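Where a number appears in this text, it was derived from the coordinates with a stated rule and is not lab data. On a predicted model such as this, the values are computed, not experimentally measured, just so you know. Cβ atoms come from the backbone with ideal geometry, glycine included; neighbour counts cover every protein chain shown.
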Amino acid sequence: MAAAMFKLATVLLACMVVVAPYAAEGAISCGTVTTQMAPCLGYLTGSDLQPSCCAGVESLLAAATTTEDRQAACNCLKSASSSIPGINYDNAASLPSKCGVDIPYEISPSTDCTQVQ
C-alpha cells in the first residue's frame, strides 16, 4: 500500500504541474481531485467499494461547478487513471453509478476532456 500511496503522490504532483495553468483561471485543481478520489484507489484496483470513496466522488462533483472545472477534473482523472498501474477501467467506469451520481464523462484514459461540458 505504501507503494500505491507513493504512486498516488507522484500522480498528484504531475497533475498539479499539468493543470496549474487551468487553476490560475479558477478551475478545480488536481490536488482537490486527487484528494477527493484517493479513497477510491482500492476500488479502482480491485478491492471493495468503501463509503468514503462515494463521499469523495460526491464532493468532487459538487466542487466541479463550471465547464472549466469539469474539464480540469476530467484531465486530472484521465492522467491519474493512466499513470497508476492496475487500474480496473470497468470499476472506474462504474464508479459514478455505484455511488449514485452522474458525471458527464467516463473515467478513462481515452476520454476527450475537451468535449466535457
| request: Quick one: compute the contact order of region 29-99, relative version, from alpha carbon pairs under 8 angstrom and 6+ residues apart, as a percent. | output: 39
| message | For the ranges 45-54, 86-95, 29-38, what's the packing order if you count other beta-carbon atoms within 10 Å of each residue, average per peptide, and put the highest first? | response | 29-38, 86-95, 45-54
| message | Suppose the chain between A62 and A93 were pulled fully straight at 0.36 nm per residue; how much longer would it get relative to their current alpha carbon spacing? | response | 9.3 nm
| query | How big is region 29-99 on each of its three principal axes, counting only the C-alpha atoms and giving the largest first in Å? | reply | 31, 24, 19
| message | Modelling each spin label as a point 7 Å along the Cα-to-Cβ direction, I'd like the S47/V101 distance in nm, to one decimal. | response | 1.9
